[in-house]
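Structure, as structure tokens:
The values are calculated or read from the model by the stated rules, or taken from the named source; none is laboratory data. In this text, all values refer to a predicted model and were calculated from it rather than measured experimentally. We place every Cβ from the backbone using ideal geometry, glycine too, and count neighbours over all the protein chains shown. Note: areas computed on protein heavy atoms with side chains; ligands, DNA, RNA excluded. Shrake-Rupley method; radii C 1.70, N 1.55, O 1.52, S 1.80 Å.
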Amino acid sequence: SELIRGFLLSGMPCPSSCPPGLLALIAPGLALMATFSLPSQAGDRRALPVEKPPGVKGRTLILLDVNTKSPVRIISENFLSLQLDPSIIHDGWLDFLSLLFLRGLLDVFGFILPLGGGCTTLAFSSVGREIHHPGRFGHLLFSFPFAVDIVRSDIALDKQKGCKIAQHPDIMLELQREKAAQMHLVLLKEQFSNTYSNLTLTARSLDKLYNFADCSGLHLIFALNALRRNPNNSWNSSNALSLLKYSASKKYNISWELGNEPNNYRTLIGRSVNGSQLGKDYTQLRSLLQLIRTYSRAHLYGPNIGRPRKNVIAFLEGFMKVAGGTVDAVTWQHYYIDGRVAKVTDFLKTRLLDTLSDQIRKIQKVVNTYTPGKKIWLEGVGMTSAGGMNNLSNSYAAGFLWLNTLGLLASQGIDVVVRHSFLDHGHNHLVDQNFNPLPDYWLSLLYKRLIGPKVLAIHVAGLQRKPWPGRVIRDKLRIYAHCTSYHNHNYVRGSITLYIINLHRSRKKIKLAGTLRDKIVHQYLLQPYGKDGLHSKSVQLNGQPLAMVDDGTLPELKPRPLRAGRTLVIPPLTMSFYVVKNVNALACRYR
């Protein structure tokens with residue numbers, strides 16, 4: 001069959017017992033899921049696994065090879081980026097962001113984005129003292145929902161001495177945590193009642209935010225408020241112009257966006273804004289930027305729509321017709337499940353993991369219709385909506401969704417993913433209120449350290465004794481491959497990194513074949529740590545618990561070397577990374 005011929009061409013031996021259909025070249029052109037496949041209709045490349053019936057003894061051996069000649073995708077160096085929730089101003093955490101920089105926790109990320117305008121009204125006030133900053137690089141997304149004036153500056157930037165980090169007494173941190181806990185209840189009440197407070201962003205707050213991003217080596221993307229409307233429903237840009245002029249006077253290197261989930265404005269302000277109107281608003285914003293010398297070539301992103309349901313797709317089509325050529329990347333958001341009703345078993349459902357893939361195709365279809373080749377960003381992603389659920393959204397179990405999200409987005413050509421959020425009032429964040437990393441942070445750190453921007457295609461075949469014909473289930477073993485990060489000096493160029501999600505309740509064995517055969521492999525196996533199992537907020541790497549060494553030092557991420565030719569044994573319900581050393585892959589030799 002065609003599948004078997006593809007298998008033989010990959011250089012991997014196929015035993016005589018290997019039936020047609022066992023080879024799946026998954027999603028050509030992508031970093032792909034490994035599956036066991038059954039014959040399917042022509043043109044259908046989805047591969048579904050075969051599971052043996054109860055009582056049938058035997059084992060499954062998965063043969064795995066990677067196409068090392070050329071990448072199928074190349075994503076941004078800043079693929080993994082970060083969003084800050086506006087609640088950090090409301091609950092006072094903005095004053096303590098310097099601690100994140102001090103602890104080195106932000107080295108994982110590329111962009112930092114303040115998300116603006118979705119649920120609240122943002123006004124800008126120029127009250128505040130001046131602080132000067134030299135420009136750097138990176139990205140941060142940020143938005144603000146209420147009125148507050150911060151009277152103290154905890155990051156001061158001096159051209160000669162660089163960034164100074166304020167030291168906060170323990171008592172101040174304790175008081176801040178109490179304040180944040182109280183504000184958490186207020187924000188939840190606003191969320192459930194669908195009534196939100198307004199926010200006044202002072203010049204002092206903007207200075208502090210920009211200092212934080214700049215000192216952390218991140219690039220700030222600021223989402224302007226799109227809820228301020230004129231009587232004819234066009235965007236009222238007067239307040240945004242004040243902010244633009246102030247930022248330009250300080251020579252702040254900022255990229256811009258307008259609004260957040262504009263498809264939901266009817267529930268927020270009692271009046272809807274269609275895609276065509278928002279497109280006109282973006283054109284207006286681009287004209288404003290071109291009038292200000294500092295931002296005449298600034299990047300502009302949007303429209304940051306919600307999940308691409310039918311009405312949202314129509315909204316995006318209207319926007320792309322008017323402003324498709326105005327934005328530098330098209331953005332949208334995705335949250336998997338309602339955090340108020342989520343259960344731990346939800347995070348193990350392959351059907352839930354696959355919802356994102358369908359959404360990607362819908363967004364790509366519209367974008368490529370109007371602006372072929374335009375970059376696409378998933379600008380807001382969280383495992384659960386509505387703030388998440390404690391001991392679930394911030395647990396080991398949520399990592400299955402997060403790591404699979406990174407793999408799917410890279411494999412399907414999404415240029416940047418912005419994680420919501422690093423620290424906020426809910427439970428989707430990456431660090432707790434003591435600034436201790438949560439499981440998704442450690443996953444993100446390993447991803448950033450080991451995964452490069454070049455995505456590779458995978459060839460797999462499963463050999464199984466006595467398969468049960470007709471017993472088809474959705475895939476629970478997902479394998480992705482990239483060139484190893486060029487920034488990791490522990491590995492020479494030409495090395496390959498696999499990352500694997502095993503949702504089965506039994507271990508799986510993988511034999512590296514073809515170009516990967518007989519190579520030394522470094523294993524980074526992440527498992528929950530402690531008695532809470534999948535609910536755990538702590539993880540272990542190769543059996544050793546991960547924790548900060550001290551307030552400013554991340555632990556060394558030590559791999560477990562595996563001898564050349566050894567079969568990879570993937571424990572049940574785990575996530576892992578494997579660096580295949582010295583492959584000398586042609587696709588990975590050069591940047």
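Taking each residue of region 393-410 that is assigned by the TED database to the domain that holds Leu378 and looking for partners that are open to solvent by less than 10 Å² (accessible area, probe 1.4 Å) and polar (S, T, N, Q) with beta-carbon atoms closer than 6 Å, six or more apart or interchain, yields Ser393/Thr384; Ser393/Asn428; Tyr396/Ser536. Only residues that are free of Cβ contacts under 8 Å to residues at least 60 places away in the same chain, open to solvent by less than 40 Å² (accessible area, probe 1.4 Å) and more than 18 Å from Leu289 (Cα to Cα) were counted in region 227-262, giving 3. Among the residues of region 293-302, which ones are touching a residue at least 24 places away in the same chain (Cβ under 8 Å) and open to solvent by 60 Å² or more (accessible area, probe 1.4 Å)? Result: Arg293, Thr294, His299. Residues in region 270-295 that are under 29 Å from the mean Cα position of the chain (by Cα) and under 17 Å from Tyr246 (Cβ atoms): Leu285, Leu289, Tyr295.
Under the condition of being over 20 Å from Gly413 (Cβ atoms), open to solvent by less than 10 Å² (accessible area, probe 1.4 Å) and in a helix (DSSP H, G or I), which residue from region 320-349 is modelled with the lowest pLDDT? Among those that are over 20 Å from Gly413 (Cβ atoms), open to solvent by less than 10 Å² (accessible area, probe 1.4 Å) and in a helix (DSSP H, G or I), it is Phe347. Just checking, does region 489-504 include any residue being part of a loop (DSSP other than H, G, I, E, B), within 18 Å of Leu403 (Cβ to Cβ), at pLDDT below 95 and in contact with a Pro (Cβ under 7 Å, 6 or more places away or on another chain)? Within region 489-504, one or more residues are part of a loop (DSSP other than H, G, I, E, B), within 18 Å of Leu403 (Cβ to Cβ), at pLDDT below 95 and in contact with a Pro (Cβ under 7 Å, 6 or more places away or on another chain). Scanning region 272-292 for any residue that is assigned to a loop (DSSP other than H, G, I, E, B), surrounded by fewer than 18 Cβ atoms within 10 Å (Cβ to Cβ) and among the aliphatic types (A, V, I, L, M) turns up at least one such residue.
Pairs are defined by a Cβ separation below 6 Å, a sequence spacing of at least 6 or placement on different chains, a first member in region 342-361 that is in the same structural domain as Ile305 (by the TED database) and of a type in the set (Ser, Thr, Tyr), and a second member that is open to solvent by 10 Å² or more (accessible area, probe 1.4 Å) and part of a helix (DSSP H, G or I); the pairs so defined are Ser357/Leu408.
Each row is one residue, and each column tells you yes or no for (1) surrounded by 14 or more Cβ atoms within 10 Å (Cβ to Cβ); (2) under 22 Å from the mean Cα position of the chain (by Cα); (3) without any contact (Cβ under 8 Å) to a residue 40 or more places away in the chain.
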{"site": "Asn502", "(1), (2), (3)": "yes, yes, no"}
{"site": "Met548", "(1), (2), (3)": "yes, no, no"}
{"site": "Gly565", "(1), (2), (3)": "no, no, no"}
{"site": "Arg591", "(1), (2), (3)": "no, no, no"}
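Taking the numbered list (1) more than 25 Å from Asp346 (Cα to Cα); (2) surrounded by 20 or more Cβ atoms within 10 Å (Cβ to Cβ) in turn, Gly543 passes all entries but (2).
Against the definition (surrounded by fewer than 24 Cβ atoms within 10 Å (Cβ to Cβ) and either modelled with pLDDT of 70 or more or under 20 Å from Leu105 (Cα atoms) (or both)), how does Gly413 come out, yes or no? Spell out how you get there, then give the answer.
Details: surrounded by fewer than 24 Cβ atoms within 10 Å (Cβ to Cβ): yes; either modelled with pLDDT of 70 or more or under 20 Å from Leu105 (Cα atoms) (or both): yes.
So Gly413 passes the test.
Quick one: which residue in Lys531, Lys558, Lys508, Lys519 is open to solvent by 10 Å² or more (accessible area, probe 1.4 Å) and out of contact with any strand residue (DSSP E or B) (no Cβ under 9 Å at 6 or more places or on another chain)?
On the way: Lys558 fails: out of contact with any strand residue (DSSP E or B) (no Cβ under 9 Å at 6 or more places or on another chain); Lys508 fails: out of contact with any strand residue (DSSP E or B) (no Cβ under 9 Å at 6 or more places or on another chain); Lys519 fails: out of contact with any strand residue (DSSP E or B) (no Cβ under 9 Å at 6 or more places or on another chain).
Being open to solvent by 10 Å² or more (accessible area, probe 1.4 Å) and out of contact with any strand residue (DSSP E or B) (no Cβ under 9 Å at 6 or more places or on another chain) holds for just one of Lys531, Lys558, Lys508, Lys519, which is Lys531.
Could we say that Tyr491 is open to solvent by 40 Å² or more (accessible area, probe 1.4 Å), of a type in the set (Phe, Trp, Tyr) and over 17 Å from Leu63 (Cα atoms) here?
On the way: open to solvent by 40 Å² or more (accessible area, probe 1.4 Å): no; of a type in the set (Phe, Trp, Tyr): yes; over 17 Å from Leu63 (Cα atoms): yes.
Here the answer is no, as Tyr491 does not meet what is asked.
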